[in-house]
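Novice: Take this structure, written in structure tokens, and hold onto it; I'll ask about it next.
Readers should treat all values here as calculations from the given coordinates under stated rules, not as data from a laboratory. Fair warning: this is a prediction, and the values are worked out from it, not measured in the lab. Cβ placement follows ideal geometry from the backbone for every residue including glycine, while neighbour counts extend to all protein chains displayed.
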């Protein structure tokens with residue numbers, strides 16, 4: 001049964017997607033089944049075709065909270081840009097960021113809100129749904145998983161104990177365990193560092209470089225462990241042809257302790 005709880009934090013859930021409506025359908029189904037709903041869901045669409053648009057329009061009719069679709073033309077991987085555009089439109093103070101290929105545990109949103117702290121971002125890990133399980137997953141459109149489910153890896157990450165999760169302490173340094181598919185932060189902190197750096201194109205480093213700037217700006221991190229659980233749907237790896245270039249951008253941020261992106265979300269904010 002859905003519980004409408006006033007967590008005292010107004011929340012926008014933002015998810016990035018690109019041309020995978022079958023996965024997006026399951027993600028949205030898992031959002032609709034949350035114990036606590038965000039005030040709005042914003043799909044940051046990096047240039048998907050009309051199949052994705054039609055799916056969203058159909059789901060919007062019965063979706064239990066506000067569902068928005070922010071789209072731009074396909075000019076290659078421009079996740080940084082579409083995320084800035086989507087978050088600029090977010091109407092709420094707290095942002096939960098996921099990818100369009102993760103199925104959420106029913107307590108996912110509630111966990112992020114229970115564990116949120118001022119001037120702190122949260123980052124969680126993911127359970128992996130294996131390639132061998134994809135046919136059954138999409139045929140049955142299942143969103144229910146647990147420790148004993150077939151076709152998953154990293155089973156220890158399925159365990160949900162909020163009392164243990166609350167024992168995690170904030171820290172000042174970047175962790176290599178940070179993943180952009182399971183990430184939340186205050187919109188004001190995101191704006192403080194000017195959001196994603198739009199110098200990034202192609203796969204890699206846009207999430208880690210963002211949080212490095214957050215740390216340089218005095219924002220802390222806290223790991224979600226035993227809470228904020230997501231199940232990542234297997235897919236082939238994206239091209240890493242831009243990785244060397246993106247590494248150099250990140251290394252500059254580290255070397256110069258940059259906290260503000262020159263080209264970021266400020267382009268899309270109204271005064």
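Novice: Work out Dmax and Rg for the stretch 70-179 from the C-alpha atoms and quote the Rg first, both in angstrom.
Specialist: 16.5, 45
Novice: Still on this model: If R0 is 41 Å, what FRET efficiency do you get for residue 10 and residue 141 from their C-beta distance, rounded to 0.05?
Specialist: 0.85
Novice: Can you give the extra length, in nm with one decimal, that the chain gains between residue 91 and residue 117 once fully stretched, where that is 0.36 nm per residue apart less the Cα-Cα distance?
Specialist: 7.4 nm
Novice: Relative contact order for the stretch 11-264: what percent, with Cα pairs under 8 Å and sequence separation of 6 or more? Before the final figure, lay out the partial values.
Specialist: Working: 525 pairs, mean separation 62.2, N = 254.
Relative contact order comes out at 24 percent.
Novice: At 7 Å along Cα-to-Cβ for each site, give me the label-to-label distance between residue 134 and residue 220 in nm.
Specialist: 4.1 nm
Novice: Between residue 252 and residue 49, 0.36 nm times their residue separation minus their Cα-Cα distance comes to what?
Specialist: 69.6 nm
Novice: By per-residue mean of other Cβ atoms within 10 Å, what is the highest-first order of 138-146, 218-226?
Specialist: On the way: 138-146: 13.7, 218-226: 18.6.
Ranked by mean Cβ neighbours within 10 Å, highest first: 218-226, 138-146.
Novice: Run lengths n ≥ 4 of DSSP H only: what is the helix-derived mean residue ellipticity at 222 nm for the chain, with -39500 (n - 2.57) per run over all residues, to the nearest 500?
Specialist: -8500 deg cm²/dmol
Novice: If you don't mind, there's one more thing I want to ask. Run the numbers for residue 260 and residue 153: contour at 0.36 nm per residue of separation, minus the present Cα-Cα distance, in nm.
Specialist: 34.8 nm
Novice: Related question: Quick one: Cα centre-to-centre distance for the stretch 243-271 and the stretch 75-151, in angstrom?
Specialist: After rounding, the separation between the Cα centres reads 24 Å.
Novice: Now, a different point. Which whole-number percentage describes the relative contact order of the stretch 119-166, with Cα contacts under 8 Å and a sequence gap of 6 or more?
Specialist: 44 percent
Novice: In the chain, what percentage of the DSSP-assigned beta bridges are antiparallel, given to the nearest 5?
Specialist: DSSP beta bridges in the chain are roughly 35 percent antiparallel.
Novice: For the chain, set up a GNM with springs between Cα atoms under 10 Å and report which of 112, 72, 236 has the largest fluctuation.
Specialist: Highest fluctuation among the options: 236.
Novice: For the stretch 11-264, compute Rh as the Kirkwood radius over C-alpha pairs and then the Stokes-Einstein diffusion coefficient at 20 °C and 1.002 mPa s; write the answer in µm²/s, rounded to an integer.
Specialist: Rounded, D is 117 µm²/s.
Novice: Which residues in the stretch 65-79 have a backbone N closer than 14 Å to a point placed 7 Å from the Cα of residue 235 along the Cα-to-Cβ line?
Specialist: From the stretch 65-79, the list is 76-79.
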